[in-house]
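*Asks:* Structure provided below as structure tokens; questions to follow.
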Amino acid sequence: MILEGKTVVVTGVGTGLGSEIVRCAHRDGANVMLAARTESNLKKVAEEVAPSGERIAWKTADVTDAAACDALFDAAIDRFGRVDALVNVAALDTVFGGLFDTPTDAWRKTFEVNVFGLATIVKSAAERMQESGGGAIVLIGSQSSELPGPSQIAYASSKGALMTAMKFMANELGPHKIRVNTVIPTWMWGPPVQGYIRGAAKQRGVSEDEVLAEIVAKMPLGVMPEDDDVAEAVVFFCSDRARTITGQSLLVNAGELMP
């Protein structure tokens, strides 16, 4: 129960990592405020995690909308009394292509959510954490920003910008006892990756196990991390066990990349 008594706001709550972070934070004692643009996703996750409604609430919000971000944190404070942590999962990861086949407008759209949206939601959180004496902000990076590939240049670039922003935020907010850290996943065994593997196997005419084995072969631990492995790292950063850690990134990747 390392988050007992704390209030954690989680954005980008859907069917993958966001919902798993909600589950783990609630399991470890936190009051959890869920946020996303899709109301049906929020209601579904909230009911699955806490059917009684105890220590859980939700509100629709778009991280690129400053007024919506302010309203989200005000709602969390109205319900639970304070905000101790923000976990920003919200991101746009549906733009695919390299330099020559990614339109400039697609770059702008990606950065609007993943960089400018990040700045907007963190600013709202930090203003309230300053008033209450501190807190923790956890960002979700991407290993793609360290391992360039041909398919997601805009997304990977936005996550690289996120890493730089984290260091500046940690430096600026540190005197206010606000910590800012990043958890960086690789492939995560969950609905999105499962869908990718099914599609790749069908396209190539091979088994799903073969596609999975090719990915896992690059991981020294020989196992693909799951959503909850990443969620556990997030919970750690939100907790007082990480009270002197800020401006840091933690790779949850079974050893696939060792910087």
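*Asks:* Please state which of the following conditions Cys24 fails to meet, knowing it meets all the rest: (1) touching a strand residue (DSSP E or B) at 6+ places or on another chain (Cβ under 8 Å); (2) under 19 Å from Ile140 (Cα atoms).
*Replies:* So Cys24 meets the others, but not (1).
*Asks:* A follow-up question, please. Take Lys177 and decide whether it is among the charged types (D, E, K, R) and buried (at least 19 other Cβ atoms within 10 Å of the Cβ).
*Replies:* No; evaluated as a whole, the condition is false for this residue.
*Asks:* Scan the stretch 201-210 for residues that are open to solvent by 10 Å² or more (accessible area, probe 1.4 Å) and either in a helix (DSSP H, G or I) or among the aromatic types (Phe, Trp, Tyr) (or both) and jot them down.
*Replies:* Answer for the stretch 201-210, where residues must be open to solvent by 10 Å² or more (accessible area, probe 1.4 Å) and either in a helix (DSSP H, G or I) or among the aromatic types (Phe, Trp, Tyr) (or both): Lys202, Gln203, Arg204, Glu208, Asp209, Glu210.
*Asks:* Here's another thing I want to ask about it. Looking at the stretch 174-194 only, could you name the residues that are assigned to a helix (DSSP H, G or I) and either of a type in the set (Gly, Ala, Ser) or touching a residue at least 60 places away in the same chain (Cβ under 8 Å) (or both)?
*Replies:* Gly174, Pro191, Pro192
*Asks:* Looking only at the stretch 131-173, how many residues end up being modelled with pLDDT under 95, among the acidic types (Asp, Glu) and in a helix (DSSP H, G or I)?
*Replies:* Of the residues in that region, 1 qualify.
*Asks:* While we're looking at this one, here's another question. Return yes or no: is Arg37 farther than 14 Å from Cys238 by Cβ and in contact with a His (Cβ under 9 Å, 6 or more places away or on another chain)?
*Replies:* No.
*Asks:* Another question, if that's okay. If you take the residues in the stretch 1-33 that are surrounded by fewer than 24 Cβ atoms within 10 Å (Cβ to Cβ) and without any contact (Cβ under 8 Å) to a residue 40 or more places away in the chain, which one is farthest from Val63 (Cα to Cα)?
*Replies:* Only one residue tops the list, namely Met1.
*Asks:* Confirm whether Glu232 is open to solvent by 30 Å² or more (accessible area, probe 1.4 Å), in contact with a helix residue (DSSP H, G or I) (Cβ under 7 Å, 6 or more places away or on another chain) and assigned to a helix (DSSP H, G or I).
*Replies:* yes
*Asks:* A further question on this structure: Taking the stretch 8-28, which residues are in contact with a Gly (Cβ under 7 Å, 6 or more places away or on another chain) and not in a helix (DSSP H, G or I)?
*Replies:* Selection gives Val10, Gly12, Gly16.
*Asks:* Still on this structure, please answer the following. Confirm whether Ile197 is in a strand (DSSP E or B) and either touching a Gly at 6+ places or on another chain (Cβ under 7 Å) or over 24 Å from Gly247 (Cα atoms) (or both).
*Replies:* no
Okay, residues lined up against (1) under 14 Å from Ile21 (Cβ atoms); (2) not aliphatic (A, V, I, L, M):
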site	(1), (2)
Val206	no, no
Leu212	no, no
Val223	no, no
Asp227	yes, yes
Ala233	yes, no
Phe236	yes, yes
Ala242	no, no
Ser249	no, yes
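The values are calculated or read from the model by the stated rules, or taken from the named source; none is laboratory data. Owing to the predicted nature of the structure, the values given are computational and were not obtained by experimental measurement. In this analysis, Cβ positions are derived from the backbone assuming ideal geometry, glycine residues included, and neighbour counts consider all displayed protein chains. Protein only, heavy atoms only, side chains kept; ligands, DNA and RNA dropped before computing areas. Shrake-Rupley method; radii C 1.70, N 1.55, O 1.52, S 1.80 Å.
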